[in-house]
Every structure is written in C-alpha cells, then in structure tokens.
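Taking it in order: structure first as structure tokens, then the write-up.
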C-alpha cells in the first residue's frame with residue numbers, strides 16, 4: 001500500500017508523449033483517484049493540464065515542485 005497519489009515522472013519527456021503517457025496512466029486508475037505528474041516547465045507544463053481539462057479530467061492542482069524547473073500536476077479521471 002502506498003501513501004499519497006500515484007506518481008508519473010515525465011521530466012525530460014517531450015510533447016506530445018507527455019500527454020499520451022498521462023492519459024495511459026489515468027486510464028489505469030479508477031475515476032477520482034489522483035495522479036501526480038511531474039513535468040518540465042514550458043510546453044509540457046502548459047499543454048498537459050490544458051489538454052487534460054479539455055478531455056474532462058479533474059485538475060486538482062498545478063504548481064512548482066521541489067526541484068527547480070519542474071511543475072507538479074495533480075489530476076484525476078472524471079467519473
């Protein structure tokens with residue numbers, strides 16, 4: 001058993017693979033279960049939350065992570 005959300009580390013991964021991998025990971029989780037996604041600043045951090053929202057996913061939080069240049073996205077698949 002793990003504490004906290006599932007984590008997907010996409011640092012160093014370019015678009016559109018960041019969104020594709022996020023969608024695959026969300027598809028493996030039950031609706032409403034949070035997924036923490038680590039993204040590089042710039043295009044990945046801008047496009048993944050936007051596209052997830054457009055797909056109907058629940059954006060729970062977007063903000064800086066403990067490592068400079070990395071953004072933490074907390075997202076869940078809608079029911």
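The values are calculated or read from the model by the stated rules, or taken from the named source; none is laboratory data. All figures in this text were calculated on a predicted structure; none of them were measured in a lab. As a convention, Cβ positions derive from the backbone with ideal geometry for all residues, glycine included, and neighbour counts pool all protein chains shown.
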How many residues does the stretch 60-79 contain that are out of contact with any strand residue (DSSP E or B) (no Cβ under 7 Å at 6 or more places or on another chain), surrounded by fewer than 17 Cβ atoms within 10 Å (Cβ to Cβ) and closer than 16 Å to residue 7 by Cβ? 2
Quick one: count up the residues across the stretch 1-15 that are out of contact with any helix residue (DSSP H, G or I) (no Cβ under 6 Å at 6 or more places or on another chain) and either under 15 Å from residue 70 (Cβ atoms) or touching a residue at least 24 places away in the same chain (Cβ under 8 Å) (or both). 9
Just the residues that are surrounded by 19 or more Cβ atoms within 10 Å (Cβ to Cβ) and either in a loop (DSSP other than H, G, I, E, B) or at pLDDT below 95 (or both), please, taken from the stretch 5-59. 10, 57
Among the residues of the stretch 27-43, which ones are over 16 Å from residue 4 (Cβ atoms) and within 10 Å of the chain's Cα centre (by Cα)? 39
